[in-house]
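Each remark here refers to the structure printed beneath this line.
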Amino acid sequence: MNEAITKIASVDILLRVNGVQNDVSIKPWRTLLEVLRETLALIGTKRSCGEGQCGACTVLVDGKPINSCLYLAVEAHDREILTIEGPVDGDPALEQIQQSFVEKGAIQCGFCTPGMVIATKSLLGETPKPSEDEIREALVGHLCRCTGYVQIVEAVQDAAGQLGSKGGD
Amino acid sequence: MNEELQSEYHVIGRPTPKKDAWLKAQGRAEYADDIVMPGMLHGKLLRSPHPHARIVSIDTNRAEALPGVRAVVTGADFPGHKYGNLPNTRDYLPLAIDTVRYLGEEVAAVAAIDEDTAEDALDLIEVEYEPLPAVFDPEEAMDSDAPQLHESAERNISAQTAFEFGDFDAGIAKAEYVREDVFETQPVKHGMLEPHASVGLWDSSGKVTLWSCKMSPYVVWRQLAMGLGIDLGNVRIVQTFVGGGFSGGKQEAMPIDFCAVMLSKKTGRPVKLVHTMDEVMTIGHMRHPMKIWLRTGTDKNGRILAQHCKLTANGGAYSSIGGFSIFLAGAMLNIPYRVPSVKYEAYRIYTNNGFCGALRGHTNTQICFARDSQLELIAADLGIDSIEIRHRNAIQPGDETPNGFRIGTFAFDECIDKVVELSDWRAKHGTLPKYRGIGFGCGSHISGARLMGHSASAAEIRVQEDGTVQLTTGSTDVGQGADTVLSMIAAEVLGVEVDDVRFARVDTDSTPVDPGTFGSRVTFFTGNAVKQAAEDARQQIAEMAAERLNAAPTDLMFRGREIINRRNADQRIALKDAVRWGAFQKGRVVAGRGSYAAGDETIDVKTGRGNLSPAYNPSACAVEVEVDPATGQVTIVGFWGADDSGFPINPLAVKGQVIGATVMSFGHALYEGLIRIDGKVMNPSFRDYKMPLTTDIPKLADFQHQNVITVEPEGPYGAKEAGQGAGTGVIAAIANAIYDAIGLRFTRLPMTSEATMQELQRLENQGQAPVE
């Protein structure tokens with residue numbers, strides 16, 4: 001790495017990920033994706049296109065889905081981050097979504113799955129009974145080359161139904 | 001009969017969630033890029049900026065001097081052995097030595113303490129090139145004065161195939177109707193979300209290990225040994241989870257793999273390399289763009305008498321599996337329609353583009369687009385109903401095709417009728433409002449191929465003292481569900497649950513050797529091997545249980561994790577107790593073995609004659625589209641498909657395979673395609689290379705597929721192919737639907753909004769308004 005850049009000081013930030021506080025010292029240009037994967041070893045968040053087109057690296061920051069490959073880690077300082085690994089003390093809604101994805105055949109190679117599941121968590125938090133069109137809109141930023149999406153949409157419908165019948169989360 | 005069969009099984013036929021789905025749902029599946037090893041370095045590849053050039057010199061001194069850089073490799077670090085897929089087309093090198101043949105070809109690689117440093121070091125490698133004239137169009141490349149890419153390939157012919165089945169001259173002479181058309185297809189990428197990634201380790205004993213996302217690890221195993229010039233026994237490939245493959249680079253050893261291990265040799269450290277998506281989209285492996293000339297003769301009732309196909313494939317700079325690609329295209333002219341005489345002449349041409357190989361459907365996809373588009377034109381010319389012409393020509397079970405395919409189960413007529421019913425075809429065809437249309441398309445595929453190389457599969461099963469089953473095969477799960485289907489087969493035979501079976505990923509040091517995952521072969525070939533291995537294990541356990549129960553082994557049945565005497569149901573023993581007793585008291589290891597080779601016959605590649613596959617499946621579909629006259633955009637508003645995948649072992653997975661293949665074809669038909677100018681890929685990004693999104697598929701209620709169930713006697717529990725065939729007829733169906741909607745006949749892919757607009761405007765200028 002060229003010398004001028006190497007001399008730029010690292011910054012200390014607080015990353016609150018899945019309910020765990022992490023003090024990390026990072027170069028300011030590091031993306032949230034890099035820091036999650038490389039510094040915090042949270043490899044569930046996937047690195048794919050690197051330019052915000054595929055959605056595989058989606059995590060929630062203060063409840064909103066973002067492409068962590070385009071999001072600087074410093075921006076996430078002191079915010080609440082949720083990744084596919086989930087909170088240490090569990091998250092019933094996340095687990096139901098995962099369960100629905102498993103049972104409905106929404107998972108093949110699994111590379112898009114963490115992003116899809118996380119985006120669904122955000123969708124169902126805001127819209128507990130989404131229409132089919134709302135589900136498609138919520139997942140439009142997520143590529144899946146394996147499934148053709150049908151079983152993914154069915155999984156989201158199933159999760160919404162299950163969570164609804166349980167009185168929501 | 002089918003319901004009866006279903007009830008006869010306790011595992012087979014039950015929609016079963018994928019075994020690794022929980023792991024993947026929680027983000028805990030470890031892909032190659034997720035691997036971290038102590039001391040691991042990170043590598044990057046330097047690529048040629050020229051489509052064709054001689055490498056005059058490479059100076060790596062400045063790169064090596066950069067702090068953090070640990071090693072640089074170039075072609076000179078390798079022994080200069082060419083490697084490849086087919087024995088007569090080995091033209092790959094681990095890194096270019098004196099010539100680069102396409103823009104993006106790998107020239108050098110760096111290992112450094114992190115990716116940024118490795119990337120920076122690439123800029124410090126000084127390569128002097130002498131640009132050479134380049135050629136990008138296959139027809140130009142065949143000119144005698146065109147620049148020649150490979151010394152051995154005159155007129156840049158990378159591979160050629162010609163064959164004739166039946167009496168073509170007599171067939172075409174008898175024809176009462178003849179037409180010829182030319183169809184063109186585009187370069188399509190696999191579009192898997194996981195870029196190629198590898199970790200290489202060359203240890204001090206000389207053992208070379210590669211952890212990588214491979215679909216066919218044993219192909220990589222041989223190629224790596226070949227290109228490194230070392231003994232096969234010193235190479236070990238460990239398959240990681242595969243984040244989508246669809247064939248291509250995950251089938252073969254790539255420069256990224258060679259560089260990972262060679263950089264490790266130089267540094268003594270494990271080295272990881274991961275392609276960026278820009279690299280994935282730029283480099284080789286893609287579907288062959290083709291120009292297909294198709295001449296078909298029929299009688300006045302539309303019965304095909306003769307078909308002549310001339311085909312030119314733009315192969316790009318290297319062979320990959322291209323020799324087989326053009327062979328297969330010709331072979332697939334023989335199904336799913338009866339074609340009494342076939343003539344085929346095909347050329348695969350080297351050009352200075354990224355190279356082509358296999359992609360889901362292989363070259364069958366292009367052939368099906370051409371054939372079913374033309375069939376619709378023939379039907380229209382002869383005034384024959386679209387459905388009727390397909391029925392009249394449909395291959396029937398028990399047929400033998402002119403090239404020697406022996407057709408077993410083949411419910412093609414039933415698939416066609418099922419689609420007519422599901423789509424409400426009769427009410428819709430020709431009656432939909434302006435700008436809305438419906439089209440029909442058919443396809444077919446093989447259940448694995450018997451080739452002259454490695455075709456057979458093997459499986460091993462151990463049953464442990466806790467009643468769990470360790471299943472090892474050389475086949476890979478790449479998301480398609482092999483882990484689950486193969487485990488279901490083992491569970492069915494041994495009377496245990498799917499969860500009791502542990503499915504191993506491939507490790508060439510311990511799993512049985514196998515060709516890998518391609519050609520829709522795994523359920524069929526490996527499935528049969530697994531069934532046999534499980535039966536072998538069951539026999540071994542039955543003998544132990546019989547001794548323990550004082551019963552005859554043949555009287556014992558395996559159900560619900562128990563072994564029960566059929567003659568006296570009170571006599572029973574838990575499976576695990578029988579295994580434990582055998583191990584503790586007799587020292588017996590339950591180790592079942594099975595294999596499947598689909599008979600001894602192999603296909604003669606020169607004549608093209610022979611029974612390529614042990615089973616064939618037909619598929620049919622109807623697609624309804626709406627064309628926006630203001631933008632030319634084609635929206636798929638309905639899809640109804642049916643295929644004969646034999647008896648679906650796991651209906652949940654079959655559904656995923658069929659729909660996945662279908663939607664991939666939507667993209668291929670309507671928008672996917674690399675845009676290349678003078679060999680440079682102009683859209684090497686998912687931003688500009690558009691693939692189908694959630695909003696591009698029909699509503700669930702209008703997206704239907706049904707299996708027409710047959711029980712294929714040769715298949716494991718009656719199963720056949722499922723992952724590719726269903727997508728093959730889709731592109732023609734879309735083209736036919738667009739024709740029905742606006743009277744526009746596309747013969748060139750993709751059928752983009754721009755192309756539709758241009759054609760609509762042309763028609764308008766000519767005073768031909770779209771059809772009502």
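The values are calculated or read from the model by the stated rules, or taken from the named source; none is laboratory data. Predicted model, so just to flag it, every value in this text is computed and none were measured. Neighbour counts are summed over all protein chains in view; Cβ atoms, including those assigned to glycine, are modelled from backbone coordinates with ideal geometry. In case anyone asks, the SASA skips ligands and DNA or RNA and just uses the protein heavy atoms, side chains included. Shrake-Rupley method; radii C 1.70, N 1.55, O 1.52, S 1.80 Å.
Descriptive notes on the structure:
- Residue match in the range A:125-135 (condition: among the β-branched types (Val, Ile, Thr) and under 12 Å from the mean Cα position of the chain (by Cα)): no
- When B:Leu46, B:Leu103, B:Leu66, B:Leu124 are screened for being in contact (Cβ under 8 Å) with a residue 12 or more places away in the chain and within 22 Å of B:Gly357 (Cβ to Cβ), only B:Leu103 passes.
- Taken as a whole, the condition of being at pLDDT 95 or above and more than 14 Å from chain A (Cβ to nearest Cβ) does not apply to B:Ser520.
- Residue in the range B:170-190 that is within 14 Å of another protein chain (Cβ to nearest Cβ) and of a type in the set (Gly, Ala, Ser) present: no
- Subset of the range A:116-152 that is more than 11 Å from chain B (Cβ to nearest Cβ) and not in a helix (DSSP H, G or I) - its residue that is nearest to B:Gly660 (Cα to Cα): A:Pro130
- Filtered residue count, the range B:470-487, keeping only those that are more than 14 Å from every other protein chain (Cβ to nearest Cβ), touching a Ser or Thr at 6+ places or on another chain (Cβ under 8 Å) and not in a loop (DSSP other than H, G, I, E, B): 4
- Within the range B:143-160, residues that are farther than 20 Å from B:Phe327 by Cβ sit with their Cβ atoms under 6 Å from residues that are surrounded by fewer than 16 Cβ atoms within 10 Å (Cβ to Cβ) and modelled with pLDDT of 95 or more, at 6+ positions apart or across chains, in these pairs: B:Ala146/B:Glu140; B:Pro147/B:Pro133.
- Those residues of the range B:198-223 which are within 14 Å of chain A (Cβ to nearest Cβ) and surrounded by fewer than 23 Cβ atoms within 10 Å (Cβ to Cβ), in sequence order: none
- Residue tally, condition out of contact with any Gly (no Cβ under 8 Å at 6 or more places or on another chain) and more than 7 Å from every other protein chain (Cβ to nearest Cβ), over the range A:87-104: 8
- When A:Thr113 is tested against (1) open to solvent by 20 Å² or more (accessible area, probe 1.4 Å); (2) at the interface with chain B (Cβ under 10 Å from one of its Cβ atoms), exactly one condition is not met: (1).
- Residues of the range B:390-439 satisfying the condition of being polar (S, T, N, Q) and either outside any helix (DSSP H, G or I) or closer than 30 Å to B:Asp628 by Cβ (or both): B:Gln396, B:Thr401, B:Asn403, B:Thr409, B:Ser423, B:Thr431
- Among the residues of the range B:1-14, not a single one is open to solvent by less than 20 Å² (accessible area, probe 1.4 Å), outside any strand (DSSP E or B) and either among the polar types (S, T, N, Q) or within 13 Å of another protein chain (Cβ to nearest Cβ) (or both).
- Some residue of the range B:178-187 being out of contact with any Phe, Trp or Tyr (no Cβ under 8 Å at 6 or more places or on another chain) and under 30 Å from B:Leu273 (Cβ atoms): yes
- Residues in the range B:270-291 that are in contact with a Pro (Cβ under 6 Å, 6 or more places away or on another chain) and polar (S, T, N, Q): B:Thr282 only.
- Screening the candidates A:Glu75, A:Glu3 for the property of being modelled with pLDDT under 95, surrounded by fewer than 19 Cβ atoms within 10 Å (Cβ to Cβ), acidic (Asp, Glu) and not assigned by TED's automatic domain parsing to the domain that holds A:Thr147 yields one hit, A:Glu3.
- Conditions (1) without any contact (Cβ under 8 Å) to a residue 60 or more places away in the chain; (2) open to solvent by 20 Å² or more (accessible area, probe 1.4 Å); (3) hydrophobic (A, V, I, L, M, F, W, C): number failed by B:Leu311: (2)
- Residue count for the range B:157-174, restricted to those that are open to solvent by 20 Å² or more (accessible area, probe 1.4 Å) and over 30 Å from B:Asp137 (Cα atoms): 7
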